[in-house]
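Below: one structure, written as structure tokens.
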Amino acid sequence: ADRVIVTVPVSILKRSGITFTPPLPEKKLAAIQEIDFWDGFKAFIQFEENFYPAFVDRIIRPIKKGQISYYDAAWGQKSSQHILGLFSIGEPATAYSKLTDDEFRDQVLKELDEIFEGQASKNYKDHLTQHWGKVSFVEGAYVNDYSSPKLITRLQESVAGKVFFAGDAYTSGNDWGNVHNAINSSALSVNEILNRQ
């Protein structure tokens, strides 16, 4: 092929999971290594009753270390089940992923009991977890929300008019993460290829 669009998560490039011949330029390699790619952990916890609101954020200090959010995973769904989702990125995700299944259950119920006055333990039924850091071809969540916009822009820059990058981390530096940014990034790469013809 004359040109290629690379759409893998930054985590794959950080661990040199793809070999480029010729190698990527030092500026591009430096940006890849410098960027903070957050770990990701998700869980779904089933309860007998709904005792929680649609969304709750736990504040992490310093905030650049990650996020923990609880959300009603059954909200807006045709379900009579009471499922609370846990979405965690960064250092909290790594900490959750190191726990055994029983340790995770006990810790998250303790956290929820503090927020909801003991209702979590009283209503607990079951849970399941997913550590995105262990998912092949993903190996994490997404780029730290507090990354440098200039660094994000360097991730997106094409190499020699032949290798282009698209995805939620490869943007113009105005915003990153999330599906809409991946779509916009893909359009940027395709337009750059078309404008070079």
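The values are calculated or read from the model by the stated rules, or taken from the named source; none is laboratory data. Just so we're clear, the structure is a prediction, and the values are computed from it rather than from any experiment. Cβ placement follows ideal geometry from the backbone for every residue including glycine, while neighbour counts extend to all protein chains displayed. The area values use the complete protein model at the heavy-atom level, side chains included, leaving out ligands, DNA and RNA. Shrake-Rupley method; radii C 1.70, N 1.55, O 1.52, S 1.80 Å.
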Residue-normalised accessible area of region 24-146, expressed per residue, 1.4 Å probe, Å²:
57
Which residue, Y124, S97, S147, has the largest displacement toward the positive end of the dipole of region 69-163 when charges sit on each Cβ (Lys, Arg +1; Asp, Glu -1)?
S147
Between region 110-189 and region 78-102, what's the alpha-carbon centroid distance in Å?
16
Specify which residue in the list Q81, T19, F55 is farthest towards the positive end of the charge dipole of region 1-142, using unit charges on the beta carbon of Lys, Arg (+1) and Asp, Glu (-1), about the Cα centre.
T19
Cut-off 16 Å, label point 7 angstrom out along Cα-to-Cβ of I59: give me the residues of region 98-119 whose amide nitrogen falls inside.
115
So, with a 1.4 angstrom probe, what is the percent of accessible area on the chain that is carbon and sulfur?
52
The chain, dipole about Cα centre (Lys/Arg Cβ +1, Asp/Glu Cβ -1), debye to the nearest 20
820
Go through 2-9, 22-29 and give me the packing order, highest mean Cβ count within 10 Å leading.
2-9, 22-29
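To two decimal places, what compactness ratio does the chain give when its Cα radius of gyration is scaled by 2.2 N^0.38 Å?
The chain yields a ratio of 1.21.
If you stretched the chain out fully between D36 and E49, how much longer would it get, using 0.36 nm times the residue separation minus the C-alpha to C-alpha distance? Please report the intermediate quantities before stating the final value.
Values: separation 13, 0.36 × 13 = 4.68 nm, distance 3.84 nm.
Result for the pair: 0.8 nm of gain on full extension.
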What helices does the chain have that are whole DSSP H segments, at least 18 Å long along their own axis by Cα, and with mean Kyte-Doolittle hydropathy of 1.6 or more?
none
From the cross-link list K64/K162; K14/K98; K42/K162, which pairs have alpha carbons spaced over 31 Å apart?
K64/K162; K42/K162
Zone reached by a paramagnetic label modelled 7 Å from Q197 Cα along Cα→Cβ, restricted to region 148-190 with backbone N below 17 Å, covers 161-164, 187-190
